Amino acid sequence: MSEHYPALLVILPLLASFFISAAGWFRPVLCFPFTVAGLAGSLLVSLGLLGDVMSGGPVSYRFAGWDPPWGIYYRVDHLNALVLAVVSVVGFINLLAARSSVEKEFPEKAGPFYTLYVLFMTGLLGMVVTGDAFNLYVLLEIAAITGYALIALGKGRAPLSSLHYIFMGTIGASFYLLGVGYLYIVTGSLNMEDIARLLPPLYESKVVTAAFVILMVGVWLKMGFFPLHAWLPNAYTHAPSPVSSLVAPLMTKVMVYVMIRMVVTVFTLDFAFTFLGLNDAVVWLAVVAIVMGSLLALSEKDVKRMLTYIVVAEVGYMVGGFWLGNSAGFTGAVLHILNDALMTLCLFLAVGNIVHVKGNSRMESLPGLFRTMPWTMAALVVGALSIIGVPPTCGFFSKWYLLLGALEAGHYGFLAALLFSSLVSVVLFFRIFEVGYFEPLGGSHGSAHGDDEHVVREAPLGMLVPLWITALGLILVGLYTGEIVGRVIRHAVPAMML
Amino acid sequence: MEPLYSIMPLIAVLVSLGVVPILMSSRSANVREAWTFGAAALKFLIVLSMLPTVLEGRVLVCTIAEVLPGVAIRLRVDALGMLFALVASSLWIITSAYSIGYMRGLKEHGQTRYFCFFALALSATIGAAFSANLFTLYLFYEMLSFATYPLVTHHQDAEARRSGRKYLLYIVGTSIGLVLPAMVVAYYLSGTLEFSGHGFLPASSSPILLGVLLFMFLFGFAKAAIMPLHAWLPAAMVAPTPVSALLHAVAVVKVGVFCILRVLTEVFGVELLASLNLGTAVAYVAAFTIIVASLIALTQDELKRLLAFSTIGQLSYIVLGVALLTPKGITGGMVHIAMHAFGKITLFFCAGAIFVATGKKYISQMAGIGKQMPLTMAAFFIGVLSVIGLPPTGGFVSKWYLVLGTLPADQWSMLIVILTSSLLNAAYFFPILYRAFFRQEDQSRNDVAVGEAPLWCLVPLMITAVGCILLFFYPFIFLRLAELAGS
């Protein structure tokens, strides 16, 4: 059983999608339980895989017994075992929170929503688990197309934003495919390990360089790496809450994983770092991404939109950390995949609750929220502290590794950008807290003194519990950073960086 | 002697955290206050129970989680930590009583929130006192910053909002902008953040880098209000007076100073500082702060603002004492944590009592107040003596050691700074007393008969005033702890 884990990971949600879409026609009540069952299955499998990898090292899987490089080949090492766990945990927690929103916002579309949800998860999990560059493209498109559809479920300008996303996303995916195609031309293989084996004599080839650059641009476009981020804020803002809190934490993180995988496993560090020597330039791009993401976030009046720019800045953290090219930077980047997924989930869930109760997440809707929605706001505070990087929340620890990496690499620009963005985050979030805390209810500027009555209008328990699981998770993951780094991430660090 | 593994430090930190859910769920004010008291008393007793072990020269250690290679969230009770924890936990009990009187007397809103965050702040304070390494210290330092924000801005009006911004800008801005990078560099240089008696920074590092690091720490821990990063402290005086009393005379500012002491003695180490002559540099910064803060205090009319500037000056005494790098100076600086805490909290309590009883905030309104509130003003007098450093109050003891500390260091200029500042202290405090006792109250307002503040306010300030005097006669525990910490 356990040897089929890598396949089950993708097959379980894929199977679930058939049942869900069927249930959507005949018994819509069953959609949610089927989705839970499918994703709980892949959650358990991914945790089992993580355990297997931690105890017995990397696992590989040949579909139907076909050997690579011809058959579909899945491979799970410490790096993607961790990312798989992150993806499935985030997807599952968010699913639990999604139910109330779906019932309120688009009950008639429950069938399509849950079907798309599991297919999106299938795509993401497949991208992470696969060891085949072309297979990755197929799954990337599955995740992307379902993602477009999910975003288009939103109200108002959502379809337009989704269309914008489709254009940009398609260009990104095509670039990726083009890169893989070039690699296929020169090596004749699509299997990642096989390509890596065939590539070293071809480093001098311009085709390989072109493949690398095109592929990277495609991946960056998909992760919203500044200045290729223009599609991201609109798409994530106008999407319905349960979609934003699914897509925002996961899509960018998985693309960061794809970047790391392509550079480390396919092109190898020898080529990307030593031969091309692009490190410094890319880290500077990341500096720009962090600074601009933070500044653009400052200019927003809508909390959800502000968060999307924080996502843009955080992408800079991970890209920069990885391209620092040392062990601490790599550890920071990978740890940040985990931490940022959880932080972003926490923040988007909290905003989802606010939208659920208030109808929108603009600054005008915030006054008095600490009184009326204390639990949501408290979780928002925990998420914010993690983004700011206050120990013992997990956000501190990835920032710590990134800072250490920047110092080791002597890249003070990146160091300064990280500190700058932390400080901007303080301003960003305390601006929200100020409005929620100081401004009285109903916009009247009378004194808040005296009225101790509690007019609590919280989101339903079904949304609060997942939010608080995530918020507590931020602290727990922070406290267990030593374990996570020591037992998982340290084994994922490429030998060249040690 | 080897450390003793014990869970007591953790319990001491968590006690006040543990009552937060109870405080939040209780609707009755009496139940809430009973729990606050219970937690405060329990915390004090736990701290006290560890005192004999520490006086034997042993340390208690408790590791919570190994978070980074070579860095754990770890608690360690040593002499310096014990000294600070004793002061903070004993004064919390008294402040709890005072808070009840003050908050009820003024019918403040949001009292549940107030007591919750107060408990949280105390947890962070004790945690900082018991931190075994720079990382744990930073953790509790930040926790304290964020836990005190709702207390500082308790009134939730425009002024509180402005002051809250200033508070965060200074405190969090410096801790993220200066302390965090300094800490990363320190870790990068030495591979550890664990405090040790001789400091952990390698002496082989470049002197310029070490100097820069030292000043990043010195200004980064802006809670110590070293100039020019002091402006948050007077602004934070918009908080209710018990907050100003405990947090801005004892917990918050002392945590800042405490962090600096740890950095001076256990990150850099006295030998390293002496060899690079960095102690003198720190001493000059502190001396500047002492004099300028005292001069500014001369010009203040609002009593709490005057006390804030007085605090800024007094905090730098502590830094100055340790920066002298002589045994007596270090002892004096450390003991001053306790002595100043008792003196200053008395003064803040008095200011609050005057406000509760009469609604007066400005010194110019306080003519003849000594006749209306004789007990309060008597306590105020004792507090003043202690802060100036006159016998028979505890403040004299620490000042005596500070003065002695300057002599072997051959720092005549520092001796002059300490004495001048004492004169300045007298110059801004005695006019208040003169006005209170020897000037007639304005006849126009005489129709309002006012007496002392409620007993809940009065008794605590009497206790701390008596404490100031007792510390003159029995300073031995604190002296012993400071000597242990300095050796």
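Overview of values
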| quantity | calculated |
| --- | --- |
| Within the range A:186-250, chymotrypsin sites (Phe, Trp or Tyr not before Pro) in DSSP loop having at most 16 other beta-carbon neighbours inside 10 Å | A:Tyr203 |
| Alpha-carbon centroids, the range B:376-408 and the range A:375-419: separation in whole Å | 43 Å |
| Too-long pairs where the Cα-Cα distance tops 26 Å, listed order kept, from B:Lys304/B:Lys328; A:Lys399/B:Lys43; B:Lys107/B:Lys304; A:Lys253/A:Lys399 | B:Lys304/B:Lys328; A:Lys399/B:Lys43 |
| Cα-based convex hull, chain A, per residue volume (Å³, whole number) | 132 Å³ |
| Longest DSSP-loop-exposure-free segment, GluC sites (Glu not before Pro), chain A, at most 11 other Cβ within 10 Å | A:205-452 |
| Tensor-based shape of the range B:73-219 (alpha-carbon gyration tensor, a/c under 1.5 rounded, otherwise prolate or oblate) | oblate |
| Low-density loop cleavage sites - chymotrypsin sites (Phe, Trp or Tyr not before Pro) in the range B:306-408, where at most 16 other Cβ are within 10 Å (DSSP) | none |
| Relative contact order for the range A:323-498, counting Cα pairs under 8 Å that sit 6 or more residues apart, in percent | 39 percent |
| Inter-part distance where the range A:151-187 and the range A:194-271 are each reduced to a Cα centre, Å | 12 Å |
| Inter-label distance, nm, simple model (7 Å from Cα along the C-beta direction), A:Ala22/A:Arg487 | 4.0 nm |
| Relative contact order of chain B, defined on C-alpha pairs under 8 angstrom at six or more residues apart (%) | 15 percent |
| Mean Cβ count within 10 Å, highest first, over the residues of peptides B:242-254, B:96-108 | B:242-254, B:96-108 |
| Area projected by the alpha carbon convex hull of the range A:159-280, averaged over all directions, nm² | 7.7 nm² |
| Ranked by how many other beta carbons lie within 10 Å on average, peptides B:319-328, A:268-277 from highest | B:319-328, A:268-277 |
| Cα-derived Rg over Rh, computed across the range B:93-156 with Rh taken as Kirkwood radius | 1.06 |
| Value of Rg/Rh across chain B [Cα atoms, Kirkwood radius] | 0.95 |
| Sparse-neighbour loop sites [chymotrypsin sites (Phe, Trp or Tyr not before Pro); the range A:67-153; at most 15 other C-beta within 10 Å; DSSP] | A:Trp70 |
| Gyration tensor verdict on the range B:18-74 (Cα atoms; rounded if a/c is under 1.5, prolate if a/b is larger than b/c, oblate otherwise) | oblate |
| Within chain A, helix-based [θ] at 222 nm, where runs of 4 or more DSSP H residues each add -39,500 (n - 2.57), nearest 500 | -24500 deg cm²/dmol |
| Point-charge dipole on Cβ atoms (K/R +1, D/E -1) for the range A:323-498, about Cα centre, debye to 20 | 420 debye |
| Cβ-based exposure ranking for A:Val477, B:Val263, in which fewest neighbours within 10 Å come first | A:Val477, B:Val263 |
| Net charge contributed by nearby residues that have their C-beta within less than 14 Å of B:Thr326 (K/R +1, D/E -1) | -2 |
| Prolate/oblate/rounded label for the protein assembly as shown (Cα gyration tensor, a/c 1.5) | prolate |
| Helix-only mean residue ellipticity at 222 nm for chain B, each DSSP H run of n ≥ 4 adding -39500 (n - 2.57), per residue, nearest 500 | -23000 deg cm²/dmol |
| Exposure proxy order (Cβ contacts within 10 Å, fewest to most) of A:Ile171, B:Ile318 | A:Ile171, B:Ile318 |
| Debye intensity ratio I(q)/I(0), log10, the range B:128-285, q values 0.09, 0.11, 0.15 Å⁻¹ (C-alpha model) | -0.29, -0.43, -0.75 |
| Neighbour-count order for B:His109, B:His230, fewest beta carbons within 10 angstrom listed first | B:His109, B:His230 |
| For the range B:7-82 and the range B:168-226, distance of Cα centres in Å | 26 Å |
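Readers should treat all values here as calculations from the given coordinates under stated rules, not as data from a laboratory. Please read all numbers here as calculations on a predicted model, not as lab measurements. Quick reminder, even Gly has a Cβ in these numbers, built from the backbone with ideal geometry, and neighbours come from all protein chains shown.
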